[in-house]
Amino acid sequence: MTALRLTYLALAIWGAIHPMYWFVSHMANNPGGLGGLIDAWYVNDSTTGLTWDLTIAAIALTVWIVAECVQRRTWVNLVAIPATFCIGVSCGLPLFLFLRSRPA
């Protein structure tokens, strides 16, 4: 495995663990569970802007993933879409790059 692929894999793992730590910590320390977490994303203009920024990035990444999978017929790469929306762009993007860069 190349150094670049290892970097993508490390970033995908970090992008899954680090944000999830903060999400779980927030839900454990505040009432409302997932609903309370989502409410916190819109608590002020700064967090609302960041939420929309990441949402638009996730949609753009999804369009790219689908277009590449249809063109190259690499259906396994579609796994990056649920990773993007269930974990975040910080996991989905490097995961897609990791999967996309594997040797043919």
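The table that follows gives values for the structure above.
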{"quantity": "Value of relative contact order over the chain, rounded to a whole percent, pairs C-alpha under 8 Å and six or more apart", "calculated": "41"}
{"quantity": "By average C-beta atoms within 10 angstrom, highest first, the peptides 23-35, 92-104", "calculated": "92-104, 23-35"}
{"quantity": "At 1.002 mPa s and 20 °C, Stokes diffusion of the chain via Kirkwood alpha-carbon radius, µm² per second", "calculated": "145"}
{"quantity": "Cα lying deepest toward the dipole's positive end in the chain, options W64, T48, I87, charges on Cβ", "calculated": "W64"}
{"quantity": "DSSP H segments from the chain that extend 15 Å or more along their own axis, Cα-based, with Kyte-Doolittle mean of 0.0 or above", "calculated": "3-29, 45-72, 89-100"}
{"quantity": "Relative packing of peptides 45-58, 2-15 - highest average C-beta neighbours within 10 Å first", "calculated": "2-15, 45-58"}
{"quantity": "Size of charge dipole - region 3-100 - debye, nearest 20, with Cβ of Lys, Arg +1 and Asp, Glu -1, no other charges", "calculated": "500"}
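Read the figures in this text as sums done on the coordinates, not as results from a lab. Model, not experiment: these values are computed from the prediction. A quick note on method: Cβ atoms are made from the backbone with ideal geometry, for glycine too, and the neighbour counts reach across all protein chains shown.
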